[in-house]
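First the structure, in the form of structure tokens, and then the observations on it.
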């Protein structure tokens, strides 16, 4: 009789152990799936074709085309398209760094060592599209002052290969040979021509041009203003 009871207890313990093991394996599998989803959720838009890609316009195999990008005789147009959620992420990052939008200038400088976040965007120019271009707000004290003064016409930085690892289709993507471009909002300049005037003397070292910039962050293209496109001298072109 005692042997039967002992045998029953052993069988019961074995069944409990198997049940717990099965639960743990199921839980671990679910956790792994959740982790994978969390790491890929931000870049779940990787299925696309670069139909506008040409060697001349998009590849790193050509020299930077100064005449095309920095034409001082023409005001050109750039449109930047950012999804609503990614635009909100950019604004949230600004709030975390500089405080609420339009609350007035804070005399204390914010800690901006990490810089503003980059998000993927699409850039349209002259009927062509550049894909998953990294875009961020750009600047230090001028960026802080613009934000705190309620000026949403902020400076931008474009990095055409920032997300090259996340999107293999755009590896080494360039904009007519340029990897990085800066769009300055001319904050606190007495004249928007000041940027151009200051660099005419140094035309061999830096190039600028004027661009009308439109931003589409979910509600259609919105005119943000006339910007100065400034060459980044230390970029790896």
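The values are calculated or read from the model by the stated rules, or taken from the named source; none is laboratory data. Note that the structure is a prediction, hence the values are computed from the model and not measured. Note that we place each Cβ from the backbone using ideal geometry, even for glycine, and neighbour counts take in every protein chain shown.
Take residue 154 and decide whether it is surrounded by 18 or more Cβ atoms within 10 Å (Cβ to Cβ) and either modelled with pLDDT under 95 or not in a strand (DSSP E or B) (or both).
Working: surrounded by 18 or more Cβ atoms within 10 Å (Cβ to Cβ): yes; either modelled with pLDDT under 95 or not in a strand (DSSP E or B) (or both): yes.
Yes.
Among the listed residues 95, 56, 50, which satisfies the condition of being modelled with pLDDT of 95 or more, in a helix (DSSP H, G or I), more than 17 Å from the chain's Cα centre (by Cα) and farther than 19 Å from residue 227 by Cβ?
Numbers: 95 fails: more than 17 Å from the chain's Cα centre (by Cα); 50 fails: in a helix (DSSP H, G or I).
Going through 95, 56, 50 in turn, the sole match is 56.
Consider residue 139 carefully, then state whether it is closer than 21 Å to residue 70 by Cβ, free of Cβ contacts under 8 Å to residues at least 60 places away in the same chain and part of a loop (DSSP other than H, G, I, E, B). Break it down stepwise before answering.
On the way: closer than 21 Å to residue 70 by Cβ: yes; free of Cβ contacts under 8 Å to residues at least 60 places away in the same chain: yes; part of a loop (DSSP other than H, G, I, E, B): yes.
Against the criterion (closer than 21 Å to residue 70 by Cβ, free of Cβ contacts under 8 Å to residues at least 60 places away in the same chain and part of a loop (DSSP other than H, G, I, E, B)), residue 139 qualifies.
Of 104, 127, 164, 177, which residue is more than 16 Å from residue 224 (Cα to Cα) and modelled with pLDDT under 95? Full working, then the answer.
Values: 127 fails: modelled with pLDDT under 95; 164 fails: modelled with pLDDT under 95; 177 fails: modelled with pLDDT under 95.
104 is the lone residue from the list that is more than 16 Å from residue 224 (Cα to Cα) and modelled with pLDDT under 95.
Return the pair list, or none, for Cβ contacts closer than 6 Å from residues in the stretch 107-125 that are within 29 Å of residue 52 (Cα to Cα) to residues that are at pLDDT 95 or above and assigned to a loop (DSSP other than H, G, I, E, B), at least 6 apart or on different chains.
118/162; 120/163; 121/82
Can you find a residue that is surrounded by 16 or more Cβ atoms within 10 Å (Cβ to Cβ), at pLDDT 60 or above, touching a strand residue (DSSP E or B) at 6+ places or on another chain (Cβ under 6 Å) and outside any loop (DSSP other than H, G, I, E, B) anywhere in the stretch 191-202?
Checking the stretch 191-202: not a single residue is surrounded by 16 or more Cβ atoms within 10 Å (Cβ to Cβ), at pLDDT 60 or above, touching a strand residue (DSSP E or B) at 6+ places or on another chain (Cβ under 6 Å) and outside any loop (DSSP other than H, G, I, E, B).
Tell me which of these residue 220 doesn't satisfy, since it passes every other one: (1) modelled with pLDDT of 95 or more; (2) surrounded by 18 or more Cβ atoms within 10 Å (Cβ to Cβ); (3) on the phi > 0 side of the Ramachandran plot.
(2)
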